[in-house]
1. Looking only at region 169-217, count how many residues are surrounded by 12 or more Cβ atoms within 10 Å (Cβ to Cβ) and more than 16 Å from A129 (Cα to Cα).
2. Check region 49-60 and report whether any residue there is surrounded by 13 or more Cβ atoms within 10 Å (Cβ to Cβ), in contact with a Phe, Trp or Tyr (Cβ under 8 Å, 6 or more places away or on another chain) and at pLDDT below 95.
3. Condition check: of a type outside the set (S, T, N, Q), in contact with a Gly (Cβ under 9 Å, 6 or more places away or on another chain) and surrounded by fewer than 18 Cβ atoms within 10 Å (Cβ to Cβ). Does P156 satisfy that?
4. Out of A129, A82, A94, I need the residue that is within 22 Å of T169 (Cα to Cα) and modelled with pLDDT of 95 or more. Which one?
5. For region 125-140, how many residues meet the condition of being in contact with a Gly (Cβ under 9 Å, 6 or more places away or on another chain) and either assigned to a strand (DSSP E or B) or not charged (D, E, K, R) (or both)?
6. Is it the case that region 229-242 has a residue that's of a type in the set (V, I, T), touching a residue at least 12 places away in the same chain (Cβ under 8 Å), surrounded by fewer than 18 Cβ atoms within 10 Å (Cβ to Cβ) and within 29 Å of N157 (Cα to Cα)?
7. Tell me, which residue of region 99-151 that is of a type in the set (S, T, Y) and surrounded by 16 or more Cβ atoms within 10 Å (Cβ to Cβ) is farthest from the chain's Cα centre (by Cα)?
8. Could you name every one of the helices (runs of 4 or more DSSP H) located completely within region 152-256 that has at least 1 residues being among the aliphatic types (A, V, I, L, M) and over 26 Å from A22 (Cα atoms)?
Amino acid sequence: MPAHDRIALVTGAGSGIGRAAAHALLDDGWRVVLAGRRADALQASVDGGPSRHGEAAARTLVHPCDVTDPDAVRALFDAAVARFGRLDLLFNNAGAGAPPLPLDQLTAQQWRAVVDLNLNGMFWCLQQAFRVMKAQSPQGGRIINNGSISAHAPRPNSAPYTATKHAVTGLTKAASLDGRAFDIAVGQIDIGNAATEMAAPMRAGTAQADGSIKVEATMDVQHVADAIVHMAALPLQANVQFMTIMATTMPFVGRG
């Protein structure tokens with residue numbers, strides 16, 4: 001597909017959902033900034049795409065960044081603007097969990113690491129996206145936060161991840177309201193059991209609320225990437241405020 005003028009920035013683009021989203025956006029003609037902690041993983045996301053991404057080098061920028069560092073995040077967004085001139089989309093995706101431990105056994109470091117990445121890092125990225133989108137002409141843009149199914153319901157022994165993902169929902173709502181005056185549309189995608197490295201335990205058997213271990217259904221991560229492209233393609237006059245995309249038979253709806 002021919003390139004168009006829209007610019008996207010994807011955090012956590014070195015693997016999983018972030019990598020799939022970056023590939024899908026490139027397929028759709030976007031210019032894409034790939035951000036993450038490891039330069040080699042980011043470059044693998046560019047090099048390891050389907051053959052049709054061979055012409056995409058001119059439409060990509062690889063920029064290693066630790067999103068828990070607000071100064072590094074500002075530098076990331078400045079680099080995106082320096083390369084491409086503006087920013088139309090942030091897929092605010094970087095995140096991780098703590099070891100699956102009872103909450104009374106978590107260390108302070110384990111708790112703080114998840115909060116710093118999943119909540120603080122998401123805020124620093126959102127803040128810099130607002131700075132850029134408010135200042136550019138034409139003004140505005142779109143932000144899609146990765147919330148997760150855990151923004152609605154916990155898994156056993158997941159207090160840090162669940163707490164931060166619930167907090168992301170509040171951040172999405174607040175940013176959506178604050179962005180109205182500047183034509184910034186903020187939404188959230190809540191993903192359940194996409195078949196990535198993170199979901200590998202689901203296919204091997206994972207703990208359930210009743211204490212049992214069960215294999216759970218997963219879905220192709222491409223369905224998530226396609227959903228993100230759909231949300232991103234809307235005009236700024238329309239917004240998917242919240243989307244839940246999940247493996248149809250995973251134990252989420254109802255009583256398990």
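The values are calculated or read from the model by the stated rules, or taken from the named source; none is laboratory data. Source: prediction; values computed, not measured. Neighbour counts are summed over all protein chains in view; Cβ atoms, including those assigned to glycine, are modelled from backbone coordinates with ideal geometry.
1. 22
2. There is at least one residue in region 49-60 that is surrounded by 13 or more Cβ atoms within 10 Å (Cβ to Cβ), in contact with a Phe, Trp or Tyr (Cβ under 8 Å, 6 or more places away or on another chain) and at pLDDT below 95.
3. Numbers: of a type outside the set (S, T, N, Q): yes; in contact with a Gly (Cβ under 9 Å, 6 or more places away or on another chain): yes; surrounded by fewer than 18 Cβ atoms within 10 Å (Cβ to Cβ): yes.
So P156 passes the test.
4. None of the other options fit; the residue is A129.
5. Number satisfying all stated conditions: 6.
6. no
7. This residue is S150.
8. Helices (runs of 4 or more DSSP H) meeting the threshold: 159-179, 200-204.
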